[in-house]
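Chemist: Sharing a structure below in structure tokens format, with a few things to ask.
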Amino acid sequence: MARANLPWLPLFLAISLLYISGAAADKFIEASCKATTYPSVCIESLSAYASAIQQSPRQLTQTALTVSLTRAMSAKTFVAKLVKVKGLKAREYQAIKDCFDEMSDSVERIQKSVRELKYIGKAKGKDFLWHMSNVETWVSAALTDENTCLDGFSGKDMDGRIKNSIRARVTNVAQVTSNALALINQFAAKY
């Protein structure tokens, strides 16, 4: 009777390994996200990619940057649509237009960072440090762009649906970008 179950053993072992591997990747993401400013946002934004990340600090960093880029591009598209809304007050229009410019800069800097991180590959020593310095600088600048966008909506005369909807999206982008920067710094410190 035991021999009848023998053909199922490889399948059972494969499923067990996948489960163990997935649990280890989730724990790796959770542990890494503790070093970020927004750990719950970090875990939420990266957990879906656990199977790709596994326990690779490089892949974790690359994924965090890609998530930041995707959300920044989405926010930029959203802000671009708001520029075309009719009946905006002059100050609202200018704040939205400025925010669009800032988000465009943010997207460009994060794109450069994603590409630069790919160049690192097998870089060592000074080459590694140079590439990582570029990534850290651009992601930091992207975070500044996102916060500058939000600054344009300060003041009581800017209260309303437009301010709230932009704030919600751009704040989320700033949080994932901040987390990506923390993970980049953590990665750079290890290597």
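Chemist: Looking at this structure, is ALA142 under 19 Å from ASP159 (Cβ atoms), part of a helix (DSSP H, G or I) and in contact (Cβ under 8 Å) with a residue 40 or more places away in the chain?
Modeler: Numbers: under 19 Å from ASP159 (Cβ atoms): no; part of a helix (DSSP H, G or I): yes; in contact (Cβ under 8 Å) with a residue 40 or more places away in the chain: yes.
Answer is no for this residue.
Yes/no matrix, rows are residues, columns are (1) in contact (Cβ under 8 Å) with a residue 40 or more places away in the chain; (2) within 16 Å of LEU82 (Cβ to Cβ):
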site	(1), (2)
GLU102	yes, yes
ARG109	no, no
SER113	yes, no
LYS126	no, no
SER133	no, no
GLY152	yes, yes
GLY155	no, no
VAL176	yes, no
TYR191	yes, no
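Chemist: Then there's this: Give me the residue from region 65-93 that is among the polar types (S, T, N, Q) and in contact (Cβ under 8 Å) with a residue 12 or more places away in the chain and, out of that set, surrounded by the most Cβ atoms within 10 Å (Cβ to Cβ).
Modeler: Going residue by residue through region 65-93, those that are among the polar types (S, T, N, Q) are 66, 68, 70, 74, 77.
Going one step further and asking which of them are in contact (Cβ under 8 Å) with a residue 12 or more places away in the chain, we end up with 66, 68, 74.
Details: THR66: 15, SER68: 29, SER74: 15.
The residue in question is SER68.
Chemist: Something else now. Can you spot a residue in region 148-166 that is modelled with pLDDT of 95 or more and surrounded by fewer than 20 Cβ atoms within 10 Å (Cβ to Cβ)?
Modeler: Checked against the condition, which is being modelled with pLDDT of 95 or more and surrounded by fewer than 20 Cβ atoms within 10 Å (Cβ to Cβ), region 148-166 yields at least one hit.
Chemist: Moving on to the next point. Within region 51-79, which residues are within 21 Å of PHE100 (Cβ to Cβ) and of a type in the set (Gly, Ala, Ser)?
Modeler: The answer is SER68, ALA72, SER74, ALA75.
Chemist: What are the residues in region 97-134 that are out of contact with any helix residue (DSSP H, G or I) (no Cβ under 7 Å at 6 or more places or on another chain), part of a helix (DSSP H, G or I) and at pLDDT below 95, if any?
Modeler: Across region 97-134, the qualifying residues are ARG115, LYS118, GLY125, LYS126, ASP127, LEU129, TRP130, SER133.
The values are calculated or read from the model by the stated rules, or taken from the named source; none is laboratory data. Please read these numbers as outputs of a predicted model, since none were measured by experiment. Positions of Cβ are generated from backbone atoms using ideal geometry, with glycine treated the same way; all protein chains shown enter the neighbour counts.
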